[in-house]
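For reference, the structure discussed in these notes is given below.
The values are calculated or read from the model by the stated rules, or taken from the named source; none is laboratory data. Keep in mind that this is a model prediction, so the values were computed, not measured. Because the Cβ atoms are built from the backbone with ideal geometry, glycine has one as well, and the counts that use them run over all protein chains shown.
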Amino acid sequence: MDAQTCIKKLGYVGILSFATVDENGHPQVRSISAVHFEPDAIYFYTARGKNFCRQLLSDGHVQIHALTKYKEMIRLSAIARPVSDAEQEHWKNVIFEEQPYLVNVYPGDTRSIGIIFVIRDAQIEYFNLGVRPIDRYYYTMGNAKPEQKGFQITDACIQCGTCEANCPQGCIEAGEPYRIQPEHCLHCGNCFENCPVEAIIRLE
């Protein structure tokens, strides 16, 4: 698995959930299929009159979420930017050719109401619930920086084994200190809440 494979899987899903935040700080989610995938970029189309478009133009932050039929979750966090005026028509042609239904939604010249955005830098999280222990991996696209999530056992660990006994995925190894296997961690926090000496910290 790598970033490019995650992008391909997003393309197989087809209809993706795009999340933004409105001017009141409320989450907004919509389903988007007018998307074109390149190995190093994601292009998508939306109309300028939509709240979605206004939120992107104002802030740019967006999160894309997809779930495959194999219970693989792919989450991509990024900043979307409008492509240049010189590129707008080219990418509209690409997306409308790949998604023929769009001609029924925006026939003829009405597609000019749309704008093409591109994502080049992104944090990608791959989370597979269809295996045990679960798989969780992080990748980046472009110049994005990898993020840290989950929990870590510190040197305050007394090797009592409480965390290991309370891990639903069995992904904690004995040691000095004990160690959480991040690639299999649910991020449920059960180890964190049950540690008798508060030796486990949340990664931020």
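Across segment 27-48, what is the number of residues that are out of contact with any strand residue (DSSP E or B) (no Cβ under 8 Å at 6 or more places or on another chain) and part of a loop (DSSP other than H, G, I, E, B)?
Final tally of qualifying residues: 1.
Scan 126, 106 and give me the residue that is surrounded by 14 or more Cβ atoms within 10 Å (Cβ to Cβ), of a type outside the set (Gly, Ala, Ser), assigned by TED's automatic domain parsing to the domain that holds residue 32 and in contact (Cβ under 8 Å) with a residue 60 or more places away in the chain.
Values: 106 fails: in contact (Cβ under 8 Å) with a residue 60 or more places away in the chain.
Residue meeting the stated conditions: 126.
Determine which member of the set 28, 88, 55 is over 21 Å from residue 137 (Cβ atoms), within 17 Å of the chain's Cα centre (by Cα) and among the polar types (S, T, N, Q). Spell out how you get there, then give the answer.
On the way: 88 fails: within 17 Å of the chain's Cα centre (by Cα); 55 fails: within 17 Å of the chain's Cα centre (by Cα).
It is 28.
Name the residues in segment 133-169 that are part of a loop (DSSP other than H, G, I, E, B) and polar (S, T, N, Q), would you?
To start, the set of residues in segment 133-169 that are part of a loop (DSSP other than H, G, I, E, B) comprises 133-134, 142-150, 154-161, 166-169.
Listed by number, the residues that qualify are 143, 148, 154, 159, 166, 169.
Would you mind stating whether residue 63 is assigned by TED's automatic domain parsing to the domain that holds residue 112, part of a helix (DSSP H, G or I), touching a Ser or Thr at 6+ places or on another chain (Cβ under 9 Å) and buried (at least 16 other Cβ atoms within 10 Å of the Cβ)?
no
Do you know which of the residues in segment 14-46 that are loosely packed, with under 11 Cβ neighbours inside 10 Å and either among the basic types (Lys, Arg) or in contact (Cβ under 8 Å) with a residue 24 or more places away in the chain (or both) is farthest from residue 68 (Cα to Cα)?
If we take residues in segment 14-46 being loosely packed, with under 11 Cβ neighbours inside 10 Å and either among the basic types (Lys, Arg) or in contact (Cβ under 8 Å) with a residue 24 or more places away in the chain (or both), then 23 is farthest from residue 68 (Cα to Cα).
Looking at segment 179-195, I want the residues that are at pLDDT 95 or above and have a partner that is of a type in the set (A, V, I, L, M) and in a helix (DSSP H, G or I) with Cβ atoms under 9 Å, at least 6 apart or on another chain. Which pairs are those?
The qualifying pairs are 194/165.
Need the failing condition index for residue 134 against (1) surrounded by 18 or more Cβ atoms within 10 Å (Cβ to Cβ); (2) closer than 21 Å to residue 40 by Cβ, just the number.
(2)
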